[in-house]
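Chemist: First the structure, which I've put down as structure tokens, then a few questions once you've had a look.
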């Protein structure tokens, strides 16, 4: 399978909340980073997608502008969902970049505006504090704790 097809299949699986298919897209030495989960190894990213897809009730995901050049790739994707903690609707616009090895994702970095996300997900607190490192670190700590608890139960 070529890398462009890998990315297309990854986001189709995400939209279907199929974490098993998403997990198989990663190399065993993979690394993932985004503003909420700044550093996950392959086991961590697989667990994260499993947790997020399991908790999602109204998630939709759509990828576009998929480009691959040799062992790198990028795309844009949009996730629409209700943020579980606050029951607030979020439309998160993300730019993903990838590095591939042996037809699998070796590095995956998602970039998005944390402030834009926090305003939607957290409401007034996100509007006032969403641009601050303090709030981002709190969200990261909560996310890491949730992932650790999820992994402990699995």
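The values are calculated or read from the model by the stated rules, or taken from the named source; none is laboratory data. Keep in mind the model is a prediction, meaning the values are calculated, not measured. No Cβ is skipped: glycine too gets one built from the backbone with ideal geometry, and neighbour counts run over all protein chains shown.
Chemist: What's the number of the only condition in (1) without any contact (Cβ under 8 Å) to a residue 12 or more places away in the chain; (2) closer than 17 Å to residue 26 by Cβ that residue 101 fails to meet?
Modeler: Unmet condition: (1).
Chemist: Which numbered condition in (1) out of contact with any strand residue (DSSP E or B) (no Cβ under 9 Å at 6 or more places or on another chain); (2) in a helix (DSSP H, G or I); (3) over 30 Å from residue 5 (Cβ atoms) is the only one that residue 150 fails?
Modeler: If we test residue 150 against (1) out of contact with any strand residue (DSSP E or B) (no Cβ under 9 Å at 6 or more places or on another chain); (2) in a helix (DSSP H, G or I); (3) over 30 Å from residue 5 (Cβ atoms), just (3) comes out false.
Chemist: So, in the stretch 11-54, exactly how many residues are within 16 Å of residue 83 (Cα to Cα) and exposed (fewer than 14 other Cβ atoms within 10 Å of the Cβ)?
Modeler: 1
Chemist: Could you tell me how many of the residues in the stretch 51-68 are at pLDDT 95 or above and either in contact with a strand residue (DSSP E or B) (Cβ under 8 Å, 6 or more places away or on another chain) or over 26 Å from residue 151 (Cα atoms) (or both)?
Modeler: Summing the residues that are at pLDDT 95 or above and either in contact with a strand residue (DSSP E or B) (Cβ under 8 Å, 6 or more places away or on another chain) or over 26 Å from residue 151 (Cα atoms) (or both) in the stretch 51-68 gives 11.
Chemist: Can you confirm whether residue 79 is on the phi < 0 side of the Ramachandran plot, in contact with a helix residue (DSSP H, G or I) (Cβ under 9 Å, 6 or more places away or on another chain) and surrounded by fewer than 13 Cβ atoms within 10 Å (Cβ to Cβ)?
Modeler: no
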